[in-house]
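Q: Once you've had a glance at the structure underneath, I'll fire off some questions.
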Amino acid sequence: YHSKQMIGKNVDSVLVPGEDSSPDEVSAYRQAIGVPDDIADYKLDAPEGVPEGMEFDQSVMDSFKEFAHTNNMPPAVAQQLVNMQMGLTTESMQAQEAQMQTFVAEQDAQLKREWGGAYEKNITDAKLGARDLGIDLADDHPVFNEAWFVQAMKRHGNAVGEDSLKRGDADFLGANSDKMKGQDIINNPQN
């Protein structure tokens, strides 16, 4: 029966080695499918298009080469997996960035709804309150984008008051400055 099954099949075909296969059978199988004999023979390229803020880690690539060799993966397939993983990672990072931008826009819209025409003044007060505590709201910490945190910094800024010694730098303007009065006239329908 087995002889009849082999008729017409490629005589050079190699059977997948099992647990009881000899090292020569494993080597013949690897050679037939293009798997290198040594891990060092995997010549995988670092993936292109590494997203900004992310670094390529050679130790991860070395671990992957070991995984690929252990699982009889040809280098071309391994390279495709490296590229696919980078693509998935990039898509994931872009999705997270889009979610963060949506969240920041929602939080900003909430503050604009709640504060109305006093939005600019309150944002300035929030920056002053945060600065008084040693916090820069322009930093990338996620909590700095949350409406409740900005409101807390505004309350602290109001509690600090208009004291120019406390406020310091001229780039922050108090509620009574000409610029803030002008912004209030433009943005506040009650003015």
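The values are calculated or read from the model by the stated rules, or taken from the named source; none is laboratory data. Quick caveat: nothing in here was measured; it's all calculated off a predicted structure. These accessible areas exclude ligands, DNA and RNA; they are computed on the full protein's heavy atoms, side chains included. Shrake-Rupley method; radii C 1.70, N 1.55, O 1.52, S 1.80 Å.
Q: By how many nm would the segment from V14 to Q190 lengthen if fully extended, with 0.36 nm per residue of separation less the alpha-carbon distance? Display every interim value, and only then the final one.
A: Numbers: separation 176, 0.36 × 176 = 63.36 nm, distance 8.48 nm.
In short, 54.9 nm is gained.
Q: Moving on. Rounded if a/c is under 1.5, else prolate if a/b beats b/c, else oblate: with a ≥ b ≥ c from the C-alpha gyration tensor eigenvalues square-rooted, which is the range 24-137?
A: Numbers: a/c = 6.21, a/b = 3.68, b/c = 1.69.
Taking the square roots of the gyration eigenvalues as a ≥ b ≥ c, the range 24-137 is prolate.
Q: What figure in square angstrom, to the nearest 10, would you give for the accessible area of R155 with a 1.4 Å probe?
A: Counting only protein heavy atoms, the figure is 140 Å².
Q: Follow-up question, since we're still on this one. Roll a 1.4 angstrom probe over the protein heavy atoms and tell me the percent of accessible area of the range 1-144 that is carbon or sulfur. The partial results should precede the final answer.
A: Numbers: 5250 of 10120 Å².
Summing carbon and sulfur atoms, their accessible area is 52 percent of the total for the range 1-144.
Q: Applying the Karplus parametrisation 6.51 cos²θ - 1.76 cosθ + 1.60 with θ = phi - 60° to the phi angles of the range 140-150, what ³J(HN,Hα) value in whole Hz is obtained for each residue in order, glycine and proline being reported as x?
A: Once θ is set to phi - 60°, the couplings for the range 140-150 become 8, 5, x, 5, 5, 9, 7, 4, 4, 6, 4 Hz.
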